[in-house]
Amino acid sequence: MILKDRLAEIIPQQREEMKSILAKNSATQIGEVTVEQIFGGMRGIKGLICDTSEVGLDTGLIIRGIPILELTEKLPEEIFYLLLTGELPEREALIDLQNELKRRTEVPFYVWNVINGLPIETHPMVMLNTAVLVMENESYFKKRYEEGLPKDYLWEPMFWDALNLIARIPVIGAYIYRRKFNKGPRINPDYSLDWASNFARLLGVDDPDGSFAKLMQLYMVLHCDHEGGNVSAFATQTIGSALSDIYFAVGGGLNGLAGPLHGLANQECLRFIMKLRDDIGHTPSDDEIKNYCISLLDNKKVISGYGHAVLRVTDPRFTALVNFGDKMFPEDETLIIVKQLFEIVPKILLAKGKAKDPWPNVDAASGALLHHYGMTEYEYYTVLFSVSRILGLSAQLVLNRAFNFPLIRPKSVTTKWIAKTLKEKNNSEQKKAETEKKPVEEKTEQKKVVKTN
Ligand code: HAX
């Protein structure tokens, strides 16, 4: 397979590059840690390698050196190739990857039984995560590890597991949508379609002009990866570093994605817009939106879709989604509210001075576009996010095995240790200051003596 062969070519070179950096610089210090960072979710501490993508605080997502806004026309399969290799595939390599995925779409029968056994009230993310976890039995990585495959080659079974998971996840995700929201029986895949268009078809959303499939393509590209330190990526990589297979690792990451400060924010965001619309009772004016948001903040609520742990500018993924909506349905009421919020919320957050990033993130727009296509079941939105993010989580897992990254095990400390360390530091600084002060005082005394004499 072309992608697999390409990886086999470039992995040894990249291993050598990493080895050489380490050999020459292993003790070089390139960062410091503050007490605020230790108590503050390790924000900003540089302590991980992730080559698939980076998030600049003033640029947003950059995949292998390419800003995300330059990739919006690409297929998710092309992005997966890019995440893994740093190169966009030629046509032949793309078709080869697509065929490989199509060959692997068959979902084991017991997955349907497990999903069907869950109560219908179960959150769609629980259905998805359960389905991912029960497929653990299928892991080729686990099998090869148990057979004693040397660690330099473990990335290969991880790669095949990644392809299986990526091929099946749209089929499973779409079934969850249809079952949970009573949309009718499971739809069979169409093997002539690309991965995202097939997912759109499997969901069964009415799409006479094909624009919902276009939205799925864009959505899957925009959400695929967001460097290595976010909750889902970090959880996935930590679990993977214990040589757990992809099903355990991605399952863990998806559980993190289901948190309202991370992936679940997209469901919260549309819920917030709908509630705002209902509470105001008519198409809201700018002033009504402003007062509504101020009262939310006064009541210690967060404004969903605004702020980010890393970004300090408007998320380019938000821009890409709003551009899509503007092109397709500029008169849509929900989209118009999204744009009003964009004009109003950053100013209010800036004035309040608490949020470090007052700008919209990707979730501020995504729900509005789905809502336009009648996909109003916002509880489902994090599953869409997950189907996409599995591309990045899997690519990171394959590369981490390719580079033999060790067990992730940062050191934690107790609050007592921090207090003791600070006390010792203050004492020693005080002593230092006193000893530095002494000779100066002595010198001044001497000078005084000379003067009086
Ligand atoms: N509305 C109100 N207050 C906000 C805020 C918002 N949108 N964003 C941040 N703040 C507040 C925080 O709650 C925090 O208050 P406290 O000190 O009282 O706890 C203060 O501003 C400082 O927070 P921060 O350092 O700017 O933000 P964090 O890095 O701690 O958190 C969050 C980043 C994204 C979680 C945060 O901005 C937030 O809660 N936003 C709303 C939820 C949201 O949109 N989440 C989606 C994030 C995108 C994502 O990962 N998707 O997967």
**Request:** Extending each Cα 7 Å along its Cβ direction at Asp287 and Phe109, get the distance between those two points in nm, one decimal.
**Result:** 6.6 nm
**Item:** Charge-dipole axis of region 107-181 as Lys and Arg at +1 and Asp and Glu at -1 on Cβ define it, positive-most pick from Ala167, Val134, Tyr177
**Value:** Tyr177
**Item:** Bins of 10 Å, starting at 0 and running to the largest distance - Cα pair percent for region 8-147
**Value:** 8, 20, 29, 30, 12, 1
**Asked** Give me the Kirkwood hydrodynamic radius of region 97-183 in Å, from all C-alpha pairs, to one decimal place?
**Response** 14.1 Å
**Asked** Where a Cα-Cα gap under 19 Å defines reach, which aspartates and glutamates qualify for Lys19, not counting those fewer than 8 residues away within the same chain?
**Response** Glu9, Asp51, Asp152
**Request:** Work out Dmax and Rg for the chain from the C-alpha atoms and quote the Rg first, both in angstrom.
**Result:** 26.0, 106
**Message:** Full-extension gain between Leu407 and Asp326, please, as 0.36 nm times their residue separation minus the C-alpha to C-alpha distance.
**Reply:** 24.6 nm
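Starting from region 258-335, pick out the GluC sites (Glu not before Pro) whose DSSP state is loop and whose Cβ has at most 14 other Cβ atoms within 10 Å. Numbers along the way, then the final one.
Values: sites: Glu268, Glu288, Glu331, Glu333; in loops: Glu331.
Passing sites in region 258-335 are Glu331.
Which pairs in the list Lys300/Lys347; Lys46/Lys411; Lys46/Lys300; Lys300/Lys356; Lys46/Lys354 are over 20 Å apart, alpha-carbon to alpha-carbon?
Among Lys300/Lys347; Lys46/Lys411; Lys46/Lys300; Lys300/Lys356; Lys46/Lys354, the Cα-Cα distance tops 20 Å for Lys46/Lys300; Lys46/Lys354.
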**Prompt:** By how many nm would the segment from Ile49 to Phe181 lengthen if fully extended, with 0.36 nm per residue of separation less the alpha-carbon distance?
**Reply:** 43.5 nm
**Request:** Treating cross-link reach as a plain straight distance, find the lysines whose alpha-carbon is under 25 Å from the alpha-carbon of Lys437, omitting any fewer than eight places away in the same chain.
**Result:** Lys423, Lys425, Lys447, Lys448, Lys451
**Fill in**
Largest first and rounded to whole Å, the semi-axes √(5λ) derived from the alpha carbon gyration tensor of region 146-250 read 31, 16, 14
**Asked** At what distance in nm do the modelled label points of Asn116 and Ile336 sit from each other, each positioned 7 Å from its Cα along Cα→Cβ?
**Response** 4.6 nm
**Request:** Could you tell me which of Ala365, Phe405, Ile390 has its Cα farthest along the dipole of region 345-447 towards the positive end, charges placed at Cβ (Lys, Arg +1; Asp, Glu -1), taken about the Cα centre?
**Result:** Phe405
**Request:** Would you calculate the volume per residue, in Å³, of the smallest convex hull containing every Cα atom of region 41-104?
**Result:** 116 Å³
**Prompt:** Taking +1 at the Cβ of each Lys and Arg and -1 at the Cβ of each Asp and Glu, which of Thr34, Gly325, Val310 sits farthest along the dipole of the chain towards its positive end, judged by Cα position relative to the Cα centre?
**Reply:** Thr34
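Over the chain, what is the relative contact order in whole percent, taking alpha-carbon pairs under 8 Å and six or more residues apart? Don't skip to the end; give the middle numbers.
Details: 570 pairs, mean separation 96.7, N = 453.
Reported as a whole number, the value is 21 percent.
Can you bin region 90-131 into rounded, prolate or oblate? Criterion: square roots of the alpha carbon gyration tensor eigenvalues sorted a ≥ b ≥ c, rounded for a/c under 1.5, prolate for a/b above b/c, oblate for the rest. Write down the numbers at each step before the final one.
Numbers: a/c = 6.03, a/b = 2.68, b/c = 2.25.
Since a/c reaches 1.5 and a/b is larger than b/c, the shape of region 90-131 is classed as prolate.
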**Prompt:** What lysines sit close enough to Lys214 to cross-link, taking a C-alpha to C-alpha distance under 20 Å and skipping anything fewer than 8 places away on the same chain?
**Reply:** Lys74, Lys102, Lys327
**Thr28 - accessible surface, heavy atoms, 1.4 Å probe, Å² rounded to 10** = 80 Å²
**Prompt:** Using every alpha carbon pair in region 334-395, what percent of pairs falls into each 5 Å bin from 0 up to the bin containing the largest distance?
**Reply:** 4, 15, 19, 18, 16, 16, 10, 3, 0
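Kindly give Rg over Rh for region 383-437, based on alpha-carbon atoms, with the Kirkwood expression for the hydrodynamic radius.
Values: Rg = 22.7 Å, Rh = 15.8 Å.
Computed over Cα atoms, the ratio is 1.43.
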**Item:** Simple label model, 7 Å out from Cα along Cβ direction - Thr59 to Gln430, nm
**Value:** 4.7 nm
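I'd like the Kirkwood hydrodynamic radius of region 267-359, using the inverse of the mean 1/r over distinct C-alpha pairs, in Å.
Details: mean 1/r = 0.0727 Å⁻¹.
Evaluated on region 267-359, it is 13.8 Å.
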**Request:** Compare the peptides 304-312, 62-70, 215-223 by average per-residue count of other Cβ atoms within 10 angstrom and give them in order, highest first.
**Result:** 215-223, 304-312, 62-70
**Prompt:** Based on the Cβ-Cβ distance from Lys416 to Asp5, what FRET efficiency comes out when R0 is 45 Å, to the nearest 0.05?
**Reply:** 0.25
**Prompt:** Using the Kirkwood radius built from alpha carbon pairs, what does the Stokes-Einstein equation give as D for region 1-54 at 25 °C and 0.890 mPa s, in µm² per second?
**Reply:** 173 µm²/s
**Item:** Extension gain (nm, one decimal) between Ser20 and Leu243, 0.36 nm per residue minus Cα-Cα
**Value:** 77.8 nm
**Message:** Let me spell out the model: positive unit charges on the Cβ of Lys and Arg, negative unit charges on the Cβ of Asp and Glu, origin at the Cα centre of the chain. What dipole size does that give, in debye rounded to 20?
**Reply:** 2120 debye
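The values are calculated or read from the model by the stated rules, or taken from the named source; none is laboratory data. Keep in mind the model is a prediction, meaning the values are calculated, not measured. Counting neighbours? That spans all protein chains shown, and the Cβs are built from the backbone with ideal geometry, glycine included. Just so you know, the surface numbers come from the protein's heavy atoms only, side chains and all, with ligands and any DNA or RNA stripped out. Shrake-Rupley method; radii C 1.70, N 1.55, O 1.52, S 1.80 Å.
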